[in-house]
Structures are given as C-alpha cells and as structure tokens.
Amino acid sequence: MNHRHDTWGWMLAVDFFFAGMGGAMICIAGLADLFYDKVGVSLLGNFLGPICIGIGAGFLILELGRPFQSWRVFVNPKAILTFGAWNMLIAIVAGLLLASFGLAQVPWQSAVALRKLLAVVSVITGLVVATYPGVLLGRHKSRPFWVGPGLMSLFLLSSLVTGTAAHLLCGLTTTVTASILPDIFRWVAAGLLVLQLALWVGYVLIKKTGTTYLEAKAAERWLSGDLAGLFKYGFLLIGTIVPIILLIWSMNFAFLGSALVLLGGLLMRWLAVCAGEDR
C-alpha cells in the first residue's frame with residue numbers, strides 16, 4: 001500500500017510556537033489582573049503576548065500562500081480557520097488594550113471595569129489561541145501521529161509552559177516589573193515542565209504500543225527513527241529536563257532555564273509538524 005508523503009514548511013512550526021506562546025501570555029496577564037489585581041508581570045511581557053500572536057499569524061499567512069488574499073479567511077463562517085482567525089484578532093486587540101493599562105499616560109487608566117472585562121476576554125481568547133494548533137492538527141484523521149485529542153492537550157500545556165517562561169524572561173530583563181511573580185513563575189514553569197515530560201513520553205509510547213500499525217510506525221520516528229535525536233536530546237533533555245533542574249536549583253539560573261524552555265517549545269512544534277508528513 002502506498003502512503004502519501006507531504007512536506008510541511010518550517011513557517012507552520014514557527015506560527016504554532018509564537019501564536020501558542022502569545023496566547024498563553026495574554027491569558028496569564030488576564031489571570032494576574034483578575035486574581036492579583038496587577039496587570040501581568042511586566043509591561044514588556046504584557047505587550048509581547050499579543051505581538052507574538054500577530055507574528056504567528058503573519059507566518060501562517062505566508063505559509064498558506066497568497067498573502068494579499070488572506071482577508072478571505074475571515075468570511076467563511078463554516079471553516080475552522082475562520083474561527084481561529086477571528087479569535088486571534090480579538091485576542092490581539094484585547095491583549096494590547098489590557099497591556100495599555102500599564103502605561104500611566106492612557107486616559108482610560110481608571111476604568112477598572114473595562115480592565116476586568118479585557119482581562120476576562122484575554123483569558124478566554126488566549127486559551128483558545130494556545131489550544132487551537134492542537135485542535136487543528138488533531139482533526140486530520142489521515143495523519144497517524146496527530147489523530148486524536150491528545151495533541152490538543154499537549155499543545156495547550158506547551159503553550160502554558162512557554163508563556164510562563166516568556167513572562168519570567170520579561171520580568172527578569174526589565175525594571176518595570178509587577179510586585180508579584182518572578183519566583184512564583186519559576187516554580188510554576190518547573191511544575192508544568194514535569195507534567196509535560198510525563199505526558200509527552202506517555203503520548204509517544206501509547207502511539208507506539210497501543211494504537212494502529214500506522215500510528216506505531218509514526219511513533220517509531222520519535223523513538224528510533226530520524227526524529228529520535230531531536231526528540232530525546234533536543235526536546236526532552238535540553239528543552240525539558242535541563243530547564244527543570246535550572247529553574248528548581250536557583251533563581252540565578254532562571255534566565256537560562258526559561259530560554260531553554262522556549263527552545264524546547266519551538267523544537268516540539270517542529271517535531272509535531274514533521275511527524276504529520278506521513279499520511
């Protein structure tokens with residue numbers, strides 16, 4: 001039996017990385033406002049979240065081709081891409097407006113009700129953006145490694161990990177920092193990484209031993225095939241285990257640990273995209 005083999009562009013992985021991280025960042029900023037009454041962790045991190053979503057959307061437009069006709073994605077209400085496009089647009093606008101409350105010069109600085117509303121919208125749309133890539137891939141029943149709801153949870157988790165690490169990096173590199181966080185975020189990021197390690201190992205092993213023949217063949221690429229080195233030494237070791245150790249060890253290593261988390265998140269998305277080539 002012949003199986004089609006398609007090549008997926010690197011821009012799709014970059015889109016998933018920036019959009020997912022940005023979605024998680026505006027979600028975290030919204031939660032910080034709702035529960036700590038602080039607009040996020042740092043002014044830089046607050047603005048970086050929606051900007052990252054915009055960067056991801058730009059790469060997706062280039063990957064799909066015909067960028068000057070990209071507006072068409074907003075006019076098909078039955079398409080999942082249309083839902084994703086509108087949600088990303090709302091997330092960007094809500095995230096930027098929420099971040100603007102960190103600027104003393106804005107005239108709506110005292111509009112607390114508006115800020116809380118924007119925080120709620122940022123949390124909801126941010127979660128959708130962070131989860132959306134996994135939903136998009138999981139719907140492709142012809143892609144053995146992607147099929148099923150598992151990838152949705154893994155993409156959401158990875159987005160939360162990278163979003164937390166990005167906020168921590170921003171908090172460590174700017175003097176305009178909220179009174180909450182850095183140390184809390186260090187432990188949150190480490191805990192999410194432990195969970196990510198367990199779930200990804202379990203996901204690949206389940207695909208290898210408990211599913212169809214084609215899913216097992218796809219998982220073999222991660223365990224002993226052409227993607228094994230990048231998965232084991234790039235994503236699991238450098239992008240997950242080493243950051244866990246650095247983040248737990250000391251706040252002095254939080255910057256390096258967070259940077260490695262972002263590298264691991266990018267590698268994970270590249271691995272996931274490559275794993276979808278077999279059809």
Sort out which residues of the stretch 83-99 are surrounded by fewer than 18 Cβ atoms within 10 Å (Cβ to Cβ) and either in contact with a Gly (Cβ under 7 Å, 6 or more places away or on another chain) or farther than 13 Å from residue 57 by Cβ (or both), and write them in order of number.
83
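Taking the criterion of being assigned to a helix (DSSP H, G or I), polar (S, T, N, Q) and at pLDDT 85 or above, would at least one residue in the stretch 91-102 satisfy it? Spell out the reasoning first.
Going through the stretch 91-102, the residues assigned to a helix (DSSP H, G or I) turn out to be 91-100.
So of that shortlist, the ones also polar (S, T, N, Q) come out as 100.
Filter once more, so that each one left must be at pLDDT 85 or above: 100.
Checked against the condition, which is being assigned to a helix (DSSP H, G or I), polar (S, T, N, Q) and at pLDDT 85 or above, the stretch 91-102 yields at least one hit.
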Which members of the stretch 214-228 meet the condition of being within 27 Å of residue 261 (Cβ to Cβ), open to solvent by less than 40 Å² (accessible area, probe 1.4 Å) and in a helix (DSSP H, G or I)?
218, 219, 221, 222, 228
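Report yes if residue 211 is assigned to a loop (DSSP other than H, G, I, E, B) and not basic (Lys, Arg), otherwise no.
yes
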Quick test of your reading of the structure: residue 102 fulfils all but one of (1) open to solvent by 20 Å² or more (accessible area, probe 1.4 Å); (2) closer than 29 Å to residue 255 by Cβ; (3) within 14 Å of the chain's Cα centre (by Cα). Name the failing condition by number.
(3)
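Could you please find all residues in the stretch 179-213 being β-branched (Val, Ile, Thr) and either at pLDDT 80 or above or crowded, with 19+ Cβ neighbours inside 10 Å (or both)?
Keep residues of the stretch 179-213 that are β-branched (Val, Ile, Thr), which gives 180, 184, 188, 194, 201, 204, 206, 209, 211-212.
Listed by number, the residues that qualify are 184, 188, 194, 201, 204, 206, 209.
The values are calculated or read from the model by the stated rules, or taken from the named source; none is laboratory data. Here the structure is a predicted model, which means the values were calculated and not measured. All Cβ positions, glycine included, derive from the backbone under ideal geometry; neighbour counts span all protein chains shown. What goes into the accessible areas is simple: the full protein's heavy atoms, side chains included, and nothing from ligands, DNA or RNA. Shrake-Rupley method; radii C 1.70, N 1.55, O 1.52, S 1.80 Å.
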